[in-house]
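Worksheet for the structure shown next.
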Amino acid sequence: MAPGRAWPALLALLGALFPGPGDAQTLVFPQKAILPRGGSIQLNCSAICNVTALLGLETPQPKNELDKGPNWKVFELNDVSEDTTPLCFSNCGTNQSNAQASLTVYWFPERVELQPLPPWQPVGENLTLRCLVEGGAPRAHLAVVLVRGEEELSRQPAIGEPAEVTATVLAGRGDHGANFSCRTELDLRSQGLELFQNTSAPRQLRTFALPATGPHLATPLVVEVGTPWTVVCSLDGVFPASDAQVSLTLRDLRLNSTVTRRKDTLSARASGMVTAEEEGTQSLACTVTVGNQRRAMQKNVTFYSFQEPSLTLSQPEVSEGTEVIVECKAQPGAVVTLSGAPARTPSSSDQLRVNATAEDNGRRFSCSAALEVAGQVLHKNQTRELRVLYGPRLDERDCPGNWTWQEGTPQTLKCQARGNPPPQLNCRRKGDGALLRIGDLGLVTRDLTGTYICRAQNALGEATREVSVNVLYQDNTLLIAMLVVAAVVLGIAGVSVYLYNRQRKIKKYRLQKAQEAATMKLTKQATQA
């Protein structure tokens with residue numbers, strides 16, 4: 001039922017309470033109301049008057065008169081778009097009065113937006129969040145909330161148009177990948193309505209951390225052309241390592257590398273074979289990038305060519321007495337040293353002349369080349385062996401001429417001939433031609449005693465040497481004779497001692513018997529007396 005239709009009884013009651021024309025009063029219902037923007041509302045204007053009053057409504061809003069009765073009218077306001085205070089008035093006789101209503105319009109913000117976050121935010125630095133809010137009323141009931149995930153960071157009233165609300169947070173590693181947003185809350189619960197929320201689209205934050213120091217670049221500073229080369233670049237304390245990028249470049253050309261990420265450590269390894277095109281000093285760089293920052297390290301690497309020196313013998317195998325020319329050469333810029341050559345001004349070549357002797361057989365010549373590369377002195381060597389052909393040599397140091405051994409003892413005959421080609425050696429005894437084994441002889445006997453001719457032979461001649469062997473032993477005939485004589489002497493002495501002792505015992509027995517007879521005789525005479 002329309003509000004105006006409930007008023008006649010109320011007006012009759014009010015007329016009884018206020019009977020005089022001077023007590024005329026204008027009423028409006030509802031006095032206060034809240035409605036959505038563009039909505040409609042009905043207002044009841046009435047007058048307390050004992051005569052028929054003239055009623056009206058003053059408002060800038062479009063209005064329609066819906067109903068009326070004695071001293072009341074019902075008006076409808078349409079498309080209310082802003083707060084307004086319509087005025088009800090009445091003329092009761094000569095008296096005029098009015099009543100004002102307060103209409104509050106609410107509407108939701110048209111724009112709630114969290115301003116874009118930086119693409120990357122350094123860990124440990126402050127981050128300012130900004131939220132823009134356009135529209136929304138009543139502002140006294142409108143709050144702006146900044147949130148991280150579900151965590152409330154800041155709550156502030158919406159002031160200004162558009163309203164800008166800011167909050168500062170300290171970015172940490174835990175904020176990497178976190179969603180930030182802002183939310184408006186229009187709280188009309190005190191007006192009998194509810195809490196209306198409007199949330200912006202979330203924005204994800206990416207945080208990063210880079211150490212102040214540059215990456216560690218491990219590489220040899222000098223690399224030979226044609227050899228494998230490996231370079232490793234690493235950096236600790238990178239966050240997040242999974243999003244970090246690392247590049248290795250040589251002469252501004254990117255190297256193919258294998259990247260490894262482990263916790264907060266990032267590393268890249270590149271390997272390859274150095275080519276002649278890369279010879280010279282080149283710039284090697286490593287760059288680690290995360291977020292909008294980077295760390296770099298650069299080193300100069302020298303790629304060089306260094307060939308082994310050339311060492312030649314005019315003849316690698318010569319006869320004794322032949323002159324041999326030894327020549328040592330290296331690439332330009334290198335300095336050579338030839339073993340056996342006299343000291344000369346440093347050069348890339350040197351030469352030595354040798355008159356070959358037997359002592360030079362097996363002699364090794366060395367050619368050493370030194371090359372300075374980027375402040376480092378590098379060395380390469382080459383060796384050659386000289387073979388000298390000569391006849392057998394057999395002298396005291398090779399084959400001692402006198403050997404004296406004790407029979408029955410283990411012995412070794414040391415006799416070795418020198419020569420190239422290696423000579424054949426044998427030793428035979430003068431007279432019977434018995435062969436004397438060279439080397440381990442085992443237990444020697446007196447049969448080895450004699451004078452031997454040791455002969456060494458090869459294609460270039462022969463050499464002989466006389467060797468005497470003397471095996472010492474003892475003659476046992478005299479010893480046996482002496483043992484027999486000793487046994488006879490000992491036997492005679494034994495018999496003599498036996499006979500002597502027997503005569504002594506017989507004499508002693510006879511003396512004892514004589515004494516016993518004398519004693520018995522004396523005893524008998526004494527008894528007779």
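Does segment 372-389 include one or more residues that are closer than 30 Å to Leu448 by Cβ and either open to solvent by 30 Å² or more (accessible area, probe 1.4 Å) or aliphatic (A, V, I, L, M) (or both)? Within segment 372-389 (the criterion being closer than 30 Å to Leu448 by Cβ and either open to solvent by 30 Å² or more (accessible area, probe 1.4 Å) or aliphatic (A, V, I, L, M) (or both)), the answer is no, since none of the residues qualifies.
So for segment 294-305 (the condition being touching a strand residue (DSSP E or B) at 6+ places or on another chain (Cβ under 9 Å), in a loop (DSSP other than H, G, I, E, B) and at negative phi), does at least one residue qualify? For segment 294-305, residues touching a strand residue (DSSP E or B) at 6+ places or on another chain (Cβ under 9 Å), in a loop (DSSP other than H, G, I, E, B) and at negative phi: present.
Looking at Gln424, Gln416, Gln411, can you tell me which residue is open to solvent by less than 90 Å² (accessible area, probe 1.4 Å) and out of contact with any Lys or Arg (no Cβ under 7 Å at 6 or more places or on another chain)? Among Gln424, Gln416, Gln411, only Gln411 is open to solvent by less than 90 Å² (accessible area, probe 1.4 Å) and out of contact with any Lys or Arg (no Cβ under 7 Å at 6 or more places or on another chain). If you go through segment 148-176 and pick out every residue that is part of a loop (DSSP other than H, G, I, E, B), under 17 Å from Gln115 (Cα atoms) and within 41 Å of the chain's Cα centre (by Cα), you end up with 2.
Could you check, for segment 306-314, whether at least one of its residues is under 30 Å from Arg254 (Cβ atoms) and open to solvent by less than 70 Å² (accessible area, probe 1.4 Å)?
Just the residues of segment 306-314 that are under 30 Å from Arg254 (Cβ atoms), to begin with: 306.
Narrowing further to those that are open to solvent by less than 70 Å² (accessible area, probe 1.4 Å): 306.
Within segment 306-314 (the criterion being under 30 Å from Arg254 (Cβ atoms) and open to solvent by less than 70 Å² (accessible area, probe 1.4 Å)), the answer is yes, since at least one residue qualifies.
Quick one: in segment 47-93, which of the residues that are among the basic types (Lys, Arg) and more than 29 Å from Ala140 (Cα to Cα) is surrounded by the most Cβ atoms within 10 Å (Cβ to Cβ)? The residue in question is Lys73.
Look at (1) free of Cβ contacts under 8 Å to residues at least 24 places away in the same chain; (2) crowded, with 16+ Cβ neighbours inside 10 Å and you find that Gln115 fails only one, number (2). Within segment 186-216, the set of residues being within 22 Å of the chain's Cα centre (by Cα) and either exposed (fewer than 14 other Cβ atoms within 10 Å of the Cβ) or assigned to a loop (DSSP other than H, G, I, E, B) (or both) comprises Leu210, Pro211, Ala212, Thr213, Gly214, Pro215, His216. When segment 356-367 is filtered for residues that are out of contact with any Pro (no Cβ under 7 Å at 6 or more places or on another chain) and open to solvent by less than 60 Å² (accessible area, probe 1.4 Å), the ones remaining, listed by number, are Ala356, Thr357, Ala358, Asp360, Asn361, Gly362, Phe365, Ser366.
Name the single residue, out of those in segment 170-185 being among the small types (Gly, Ala, Ser) and under 19 Å from Asp243 (Cα atoms), that is surrounded by the most Cβ atoms within 10 Å (Cβ to Cβ).
Of segment 170-185, the ones among the small types (Gly, Ala, Ser) are 171-172, 174, 177-178, 181.
Right, trim to under 19 Å from Asp243 (Cα atoms) and you get 171-172, 174, 177-178.
Values: Ala171: 23, Gly172: 14, Gly174: 10, Gly177: 10, Ala178: 18.
So the residue we want is Ala171.
For segment 283-296, indicate whether the set of residues that are in contact with an Asp or Glu (Cβ under 9 Å, 6 or more places away or on another chain) and either β-branched (Val, Ile, Thr) or within 29 Å of Gly391 (Cβ to Cβ) (or both) is non-empty.
Within segment 283-296, one or more residues are in contact with an Asp or Glu (Cβ under 9 Å, 6 or more places away or on another chain) and either β-branched (Val, Ile, Thr) or within 29 Å of Gly391 (Cβ to Cβ) (or both).
The values are calculated or read from the model by the stated rules, or taken from the named source; none is laboratory data. Predicted model only: the values in this text are computed from it and were never measured. Positions of Cβ are backbone-derived with ideal geometry, glycine not excepted, and every protein chain shown enters the neighbour counts. Side chains are part of the model used for accessible areas, which takes the heavy atoms of the whole protein and leaves out ligands, DNA and RNA. Shrake-Rupley method; radii C 1.70, N 1.55, O 1.52, S 1.80 Å.
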